[in-house]
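The next block holds one structure in the form of structure tokens; read it before the comments.
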Amino acid sequence: MNLTVLQDLRTALAELDGYGDRLNPHDATPEALRALDETLVLARRLVAAATNRPVTGCRLHPTGPVDNEAGGCLLCNTRRRRATTHTTTDAPVEDVLHAVDTHGHDAAVRTYGARPVARALATAGRGTTTNLTRSTR
């Protein structure tokens with residue numbers, strides 16, 4: 001069961017338990033019965049949610065997709081995998097500049113990534129703001 005839903009369900013059930021002690025013929029006002037009904041509806045929704053939602057065990061994505069391969073949260077596990085498989089070696093500046101000149105900026109970014117393209121342009125003295133119009137005096 002999802003831990004977040006479980007905590008909310010425990011709170012709703014504890015609130016329902018309090019009604020058993022307070023509910024008597026004199027205190028059964030329409031307002032008290034409406035509050036009891038709202039708590040019952042909330043508890044029913046939480047039970048339904050607990051049975052229908054996958055269990056990720058993740059505090060950030062409690063109802064997110066489940067990683068069938070490794071278990072747990074697919075979103076967090078994918079982020080962890082990317083962090084461990086990301087290479088820190090950049091492509092040579094000359095190769096990136098050649099790709100920018102030959103195929104264009106967007107194609108170079110798709111091939112090498114934004115950081116290597118920006119680093120290559122900065123190293124070559126090409127600014128990315130050269131296309132901006134300068135104000136006239």
Stretch A114-R80 to full length: gain in nm at 0.36 nm per residue minus the Cα-Cα span?
10.2 nm
Treat the count of other C-beta atoms within 10 Å as a stand-in for reagent exposure and order E69, E94 from fewest to most.
E69, E94
Run the simple label-point estimate for A50 and R34 please: 7 Å along Cα→C-beta, distance reported in nm.
2.8
Mean shadow area of the stretch 24-69, taken as a quarter of the surface of its Cα convex hull (nm²)
4.7
Using DSSP to call loops (not H, G, I, E or B), can you name the trypsin sites (Lys or Arg not before Pro) in the stretch 15-79 whose Cβ has at most 13 other Cβ atoms within 10 angstrom?
R59
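Give the whole-number value, in cubic angstrom per residue, of the convex hull volume spanned by the C-alpha atoms of the stretch 1-53.
Taking the convex hull of the Cα positions in the stretch 1-53, it is 60 Å³ per residue.
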Taking the Cα of T123, stepping 7 Å toward and past its beta carbon, and measuring to each backbone N in the stretch 89-117: which are under 11 Å?
90-98, 116-117
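Throughout, read-outs are computed from the coordinates displayed, never taken from laboratory work. Quick caveat, the model's predicted, so the values are computed rather than measured. No Cβ is skipped: glycine too gets one built from the backbone with ideal geometry, and neighbour counts run over all protein chains shown.
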